[in-house]
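The values are calculated or read from the model by the stated rules, or taken from the named source; none is laboratory data. Just so we're clear, the structure is a prediction, and the values are computed from it rather than from any experiment. Please note: Cβ atoms are built from the backbone with ideal geometry, for glycine as well, and neighbour counts cover all protein chains shown.
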Amino acid sequence: MPEASIRDFVDDAVDPNIRGFLHLPANSNGDGIVLTHGAGSNAQAPLLRALADVFCGDGFAVLRCDLPFRQVRPFGPPGPGDAARDRTGLKNALAALKKLGPTRLFLGGHSYGGRQSSMLCAEQPDLVNALLLLSYPLHPPRKPEQQRTQHLPDLRTPTLFVQGTRDPFGSIDEIERARKMIPGKTRLLRVEGAGHDLGFKGKSRRDELPQQILSEFREFLS
């Protein structure tokens, strides 16, 4: 699908700035989704690009955005003080996408991006219509005691989890336990044999997965 820089559509004066790529459908279904990346990636992540193409083809306006920490540092993970600003960046991205006309707004993120998305929605329950969490990082690898679930009891936004069965950041059983902490509607899409990258690493691709995620998301919303 054709893509354009979001800077062609938004005011550069907003802080944090919005940087990313916009996919506008030929035939809109009235929905829009912001997609963002994990701690070691950016908006050009193959998984996000593949999802953007599939969602846009179904009528979604899609914004793949770089989180503020990535705009400052082209490489490396976010720092301890970046999270709050990254959430503000997501809020700005949603506001920019909303100005382009979608009736319903959704927010999705891979790993760190998904965690910040869920924290933002726990803080502001009416911000979006639903969440798409790709490889939610429940804890660091081999450190299951360091749970990242403190905000989940406040999460009332409908949430679809997509988790690989070999993800070292959270097993399927751990995700299921985390779902029980969430008062909002949730669903889990298991990706058999996939790790934290969901099969999108380097030149590796699970070509059927983006369409499967879209179908599951559509069914979840209905």
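Figure legend. Inter-residue proximity from the stretch 82-104: first residues free of Cβ contacts under 8 Å to residues at least 24 places away in the same chain, second residues buried (at least 21 other Cβ atoms within 10 Å of the Cβ) and in a helix (DSSP H, G or I), beta-carbon distance below 8 Å, spacing 6+ or different chains. Indicated pairs: D82/P68; D82/F69. Scanning the stretch 42-59 for residues that are without any contact (Cβ under 8 Å) to a residue 40 or more places away in the chain and closer than 15 Å to P102 by Cα yields a single hit, G59.
Considered as a group, the residues in the stretch 200-220 that are modelled with pLDDT of 80 or more and of a type in the set (S, T, N, Q) include one that is farthest from L51 (Cα to Cα), and that residue is S215. When we screen I175, I182 for residues that are part of a loop (DSSP other than H, G, I, E, B) and buried (at least 18 other Cβ atoms within 10 Å of the Cβ), the only hit is I182.
In the stretch 169-186, the residue that is nearest to K143 (Cα to Cα) out of those that are over 19 Å from the mean Cα position of the chain (by Cα) and in contact (Cβ under 8 Å) with a residue 24 or more places away in the chain is E174. When the stretch 185-202 is filtered for residues that are basic (K, R) and either crowded, with 17+ Cβ neighbours inside 10 Å or part of a strand (DSSP E or B) (or both), the ones remaining, listed by number, are R187, R190.
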